[in-house]
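Notes follow the structure.
Since every read-out is calculated from the coordinates, none of them should be taken as a lab result. Predicted model only: the values in this text are computed from it and were never measured. So basically every Cβ, Gly included, is an ideal-geometry build from the backbone, and we count neighbours across all protein chains shown.
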Amino acid sequence: SSFHVLVTGCSSGIGLAVASRLAKDELRRFKVVATMRDLEKRGPLEKVAGDSINKTLEIKQLDACCEASIRECVNSLPDRRVDVLVNNAGVGMIGPLECQNMSDMKELFDTNFFGLVRLVKEVLPDMKRRQSGHVVVMSSVMGIQGLLFNDVYSASKFAVEGFCESLAVQAMKFNIKTTLVEPGPVVSEFERKVYEDATKMDLSGTDEETARIFREIYLPYSKKVFASLGQTSEEVAEVNNSSSDHPRTPPLRHQTNRLYMPMTTLKHADPTGRLPLDTFYKMIFKHDGVMNYIGLYRRQDVTCRLQRRLQIYDNS
Ligand SMILES: NC(=O)c1ccc[n+]([C@@H]2O[C@H](COP(=O)([O-])OP(=O)(O)OC[C@H]3O[C@@H](n4cnc5c(N)ncnc54)[C@H](OP(=O)(O)O)[C@@H]3O)[C@@H](O)[C@H]2O)c1
């Protein structure tokens with residue numbers, strides 16, 4: 001029998017790619033419920049999913065910010081069965097903090113963090129009862145390492161990480177798996193939307209120096225990162241798919257982009273936090289050659305050596 005998968009945020013990007021990838025599985029192992037908050041946006045998914053519509057893929061309405069819509073969607077499924085929840089719906093936000101308003105920040109948390117909480121609350125009791133299930137959550141490398149001008153977004157992904165890490169232990173007792181997928185930059189609507197907002201942003205709320213850093217240093221830097229390290233949604237979906245290929249042993253954390261690993265490794269290499277702080281500072285303000293891959297891997301070498309040294313130190 002097939003796995004029943006519910007995916008949130010399927011109108012575009014990673015959610016769309018994950019849903020259609022699973023629906024087109026050659027072995028037909030998955031029955032996909034692809035959800036979106038606005039069914040008027042179903043066109044792009046229908047186009048990609050093609051023949052699988054109403055066979056291995058069904059489109060339903062679900063707003064991650066509305067408990068009633070989540071319940072209605074899950075209630076409409078036979079036996080309310082969700083074997084795999086892919087919590088993907090999310091929004092981004094960049095810019096100087098002084099130019100962002102509290103209500104937008106709360107809205108972001110309501111989607112990225114409380115959206116996950118609502119979904120898990122709805123499906124976890126059934127998973128526990130069945131003693132099986134897999135919660136897959138679209139986090140980000142920014143759930144491991146914060147980045148300037150992404151303060152609130154990064155905080156929401158840290159919240160997601162802390163929530164899942166805590167819940168995973170209890171879930172394990174009921175044979176429920178938890179996986180945090182941590183993509184680096186992904187070229188999708190997400191990128192387009194945050195840059196569009198950034199360009200329109202009223203920067204008069206902050207000082208000139210901060211506005212200049214954001215406009216002249218951060219934005220070009222960030223665009224370069226997307227252009228050089230960016231993955232496609234399909235690449236992320238592929239990795240995602242392979243983790244549900246082995247439902248017995250999915251990892252708790254899954255970074256999809258090897259090129260980004262040197263940057264996330266810094267954090268684990270230095271518990272004082274100085275190493276990642278200095279590295280990101282130099283990378284952004286001193287235009288250090290970190291964005292060139294050779295530089296990245298040299299740095300990873302250094303990190304590994306440092307890690308080894310710290311372990312030796314710890315053991316003594
Ligand atoms: N792109 C990246 O660089 C990147 C990197 C790491 C992690 N991620 C994460 O990956 C996930 C997907 O992002 P993406 O890159 O695929 O971006 P995307 O193309 O903008 O897709 C985001 C999806 O979430 C949906 N959504 C937003 N609020 C929702 C709500 N309240 N209820 C239901 N759906 C909602 C959007 O629907 P609408 O069309 O209705 O707005 C859209 O379908 C997000 O959690 C994001 O944080 C992205």
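Note down the net charge around Arg192, summing +1 for each Lys or Arg and -1 for each Asp or Glu among other residues with Cβ under 13 Å from its Cβ. Residues near Arg192 contribute -1 overall. Net charge of the neighbourhood of Ser2, taken over other residues with C-beta under 10 Å away and scored Lys/Arg +1, Asp/Glu -1, is +1. From largest to smallest, the equivalent ellipsoid semi-axes obtained for region 1-132 from the alpha-carbon gyration tensor read 27, 19, 12 Å.
Put a dot 7 Å past the Cα of Leu97, heading toward its Cβ, do the same for Lys224, and the two dots end up 2.6 nm apart. Candidates Leu203, Ala64, Val141 compared by Cα position along the dipole of region 3-256: farthest toward the positive end lies Ala64, with charges placed on Cβ. Taking each DSSP H run with n ≥ 4 as -39500 (n - 2.57) and averaging over every residue of the chain yields -16000 deg cm²/dmol at 222 nm. A simple charge model with +1 on the Cβ of Lys and Arg, -1 on the Cβ of Asp and Glu and nothing else charged puts the dipole of the chain at about 1120 debye relative to its Cα centre. Exposure proxy shown here: for Arg28, Arg42, the number of other Cβ atoms within 10 Å sets the order, fewest to most, as Arg28, Arg42. In the chain, the longest principal axis of the Cα atoms and the axis of helix 293-315 are about 90 degrees apart.
Sorted fewest first by neighbouring Cβ atoms within 10 angstrom, Tyr281, Tyr195 come out as Tyr281, Tyr195. Along the axis of the charge dipole computed for the chain (Cβ charges of +1 for Lys and Arg, -1 for Asp and Glu, origin at the Cα centre), the listed residues Gly92, Leu219, Ser233 are led at the positive end by Ser233.
Per the Debye calculation on the chain with a single equal scatterer at every Cα and no solvent contribution, log₁₀ I(q)/I(0) for q = 0.08, 0.14 Å⁻¹ amounts to -0.38, -1.12. Asp126 sits among other residues whose Cβ lies under 13 Å from its own Cβ, and their net charge, with Lys and Arg +1 and Asp and Glu -1, is +4.
As a calculated quantity, the FRET efficiency between Met172 and Ser2 at R0 = 25 Å, using C-beta atoms, amounts to about 0.55. Computed over region 1-40, the quotient of the alpha carbon radius of gyration and 2.2 N^0.38 Å is 1.14.
As a proxy for reagent exposure, Thr178, Thr199, Thr111 were ordered by neighbouring Cβ count within 10 angstrom, fewest first; the result is Thr199, Thr111, Thr178.
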